[in-house]
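One structure is given below, represented as structure tokens, and several questions about it will come after.
Every number here is computed from the coordinates shown, using simple stated rules; none is lab data. Keep in mind that what you see is a predicted model, and the values were worked out from it rather than measured.
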Amino acid sequence: MYGKFFAVFPAVLFAVLGSVSCGSCRDSKLCCPGRDSSCVVQKAPLNSILEDLSDKPCYCDHACLKLGDCCHDFKEACGVVDCQVTGWGPWTACDVDCGAGTMSRKRSIKVQPENGGKHCPSLEQRRGCQVSTCHHHPDPAIKEMAMLLPGTLSHSRVANATSDIRKNLRLRDPSRYPQYDPKKTYCLSFEVLKASKACRKEASFQTLEEGDQVCVRCESEALHESLGWRCQGHGVKGRITRWSALSAPHCHGKWLRSVKEESEDCSLEKCSSEKSFIFV
């Protein structure tokens with residue numbers, strides 16, 4: 001009699017437990033934040049031998065999303081929403097006109113994650129690109145490098161035999177070269193885009209800092225007949241060109257010539273300041 005009772009008792013106990021917690025978060029009324037090992041649904045009696053893996057306990061805490069042991073209805077019962085994104089858009093064009101560059105594509109979020117759902121993945125991708133159909137600027141001046149000296153050395157344009165480059169800005173004989181007319185002197189304005197660190201160590205070139213506007217004077221003595229009577233390296237409007245300090249070769253960089261006319265932003269009087277330079 002007693003043996004028969006104990007034989008059927010486990011089955012009755014399992015039936016009772018199964019009716020309370022049958023592997024469902026909703027039926028068990030469990031939904032716990034964070035990690036909570038007590039937020040568990042037992043599918044089989046405690047200390048019983050599991051013959052089927054489906055009888056293993058399952059959890060209704062948010063940590064089960066990472067551990068992979070959630071009950072089958074955890075997300076639905078606990079309002080867990082995974083992030084959803086759209087498909088990838090088209091790739092953009094290469095961001096350079098010539099050479100190596102970058103292109104990108106984007107996607108957007110359709111559904112924001114809630115209650116511990118999966119975070120949104122990356123919304124932008126980038127990849128390299130190469131443009132081989134380069135269209136070079138027709139003006140050869142864009143390839144020239146401007147050689148600079150401080151504007152205060154302008155008075156050193158005298159004929160002498162010294163080897164000091166700062167004092168060797170020779171004055172052409174006006175009788176032999178009437179084209180060297182002081183009235184042909186002009187000046188230009190540039191925005192410094194890049195300057196090497198060596199410029200900071202040179203007192204005469206410390207004003208060449210990134211983002212600064214500088215004025216450079218092209219004196220008639222520096223005009224080149226082969227360049228159509230202009231200074232070497234005077235650049236092209238709106239285009240990036242290079243410059244270098246003649247007396248400090250490690251001081252160099254890039255600048256952008258102003259698109260304005262010379263008379264609008266760079267007068268000869270302005271180019272006479274201590275922060276101005278001259279073409280060589």
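Please list the non-local residues whose amide H lies under 5 Å from the amide H of G117, H modeled 1.01 Å from N, same-chain partners needing a gap of 5 or more.
Those qualifying (amide H under 5 Å, at least 5 residues apart or on another chain) are V81.
Something else: Per residue of the stretch 237-244, what does 6.51 cos²θ - 1.76 cosθ + 1.60 with θ = phi - 60° give for ³J(HN,Hα)? Whole Hz please, x for Gly and Pro, Karplus curve as stated.
4, x, 10, 7, 10, 10, 9, 8
Please list 3J(HN,Hα) in residue order for the stretch 246-253, calculated via the Karplus relation 6.51 cos²θ - 1.76 cosθ + 1.60 where θ = phi - 60°; whole Hz, with x for glycine and proline.
Karplus-based 3J(HN,Hα) across the stretch 246-253 equals 5, 8, 9, x, 7, 9, 7, x Hz.
Here is a further query. Using the Kirkwood radius over C-alpha pairs as Rh, can you work out the diffusion coefficient of the stretch 84-131 via Stokes-Einstein at 4 °C, viscosity 1.567 mPa s, in µm² per second?
Roughly 105 µm²/s, to the nearest whole number.
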